[in-house]
Amino acid sequence: MTIKGALFDFSGTLFRVESTESWLRAALERTGTTVPEEEVVRYARDLEDAGALPGGAPPLVVPPHLEEVWRVRDRDAELHRAAYTGLARQVPLPRPELYDALYDRHKEPAAWRPYPDAPAVLGELRRRGVRIAVVSNIGWDLRPVFRAHGLDGLVDAYALSYEHGVQKPDPRLFRAACDALGLDPGDAVMVGDDRRADAGAAALGCRVHLVDHLPVDRRPDALRAVLGPLPDAATAP
C-alpha cells in the first residue's frame, strides 16, 4: 500500500517530556523556592507516583474526586489543567503557587525533546511528498514546541483534542486530521505509542504503527520503520 499521509502522535512518539525531577526543579527556580536536595528528590518521586506530569508516568491511583475530569481531560483546556493540577495537589508542596508553575512549565518548548530520528523521518516523508499531521490528546497548543525545535515546517496540519472537543480513540479526531490533509484514511498511517488511543485510527481504515514510549536516549531509531513497508506485527488488530 502506498502511504500518502502520516499521522503522528506527539508525546511519547515524536517528543518526550523532561524527567519529573527536571520539571520540578524548573518550577522551583521559577517561583524562587529553595528546598533541601533530599526534599527535591522526595517531591519528584511523589509527583511521579501521582502522575502529575503530563506526558510522564500515569498516576498509580486517580483519586475518586478526579476520576471524571481525568477521563475527559483532553477534551478541553480547563479540564486538562484541572486534572493535572488536581493530581499534583495530592503532593503537599511548600508553596501553593508551585502547582500552577508546574503545569505551566510542561507547556514550554524547553520541557520537550524530539526523539533523535524525528527530524530525519519527518524530513524524508516530506521529501517523498507524504503529507503529515500531528494528532494528539492534549489540552494546550503544542505548535510552539514544534516551532522552537525547528520541526513546524515539516507538519501540514494539527488535530488537537482540546480544539475539537473529542479525544483519541474517537475516530472523529483522526478523521479531522485526514480531512485537513485532503486524504482518504485508507491512504494514511497513524504512528503512536498508545495501543488503545492511537489504534482508534484503524476504525477508519488507517494503518497503525506503534512505537514504545521510552526516554529519548533509549529509542534512537524506532520511527524509521515508517519509511519502509510496515510489518504486520506493527498493524493494530
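Points to keep in mind about this one:
- Reducing the range 134-193 and the range 95-122 to their Cα centroids gives an inter-centroid distance of 18 Å.
- Taking the DSSP beta bridges with both ends in the chain, the antiparallel portion is around 15 percent.
- Simple Cβ-charge dipole of the chain, Lys/Arg +1 and Asp/Glu -1, about Cα centre, in debye nearest 20: 560
- Share of carbon and sulfur in the accessible heavy-atom surface of the chain [1.4 Å probe, %]: 49
- Accessible area of the chain divided out per residue, in Å², using a probe of 1.4 angstrom: 45
- For the range 4-129, the Cβ-based charge dipole about the Cα centre amounts to some 640 debye (Lys, Arg positive; Asp, Glu negative; other atoms uncharged).
The values are calculated or read from the model by the stated rules, or taken from the named source; none is laboratory data. Values in this document were obtained by computation on a predicted structure and should not be read as measured data. Glycine also receives a Cβ, built like all others from the backbone with ideal geometry; neighbour counts cover every protein chain displayed. Heads up: the accessible areas ignore ligands, DNA and RNA and are worked out on the full protein's heavy atoms, side chains in. Shrake-Rupley method; radii C 1.70, N 1.55, O 1.52, S 1.80 Å.
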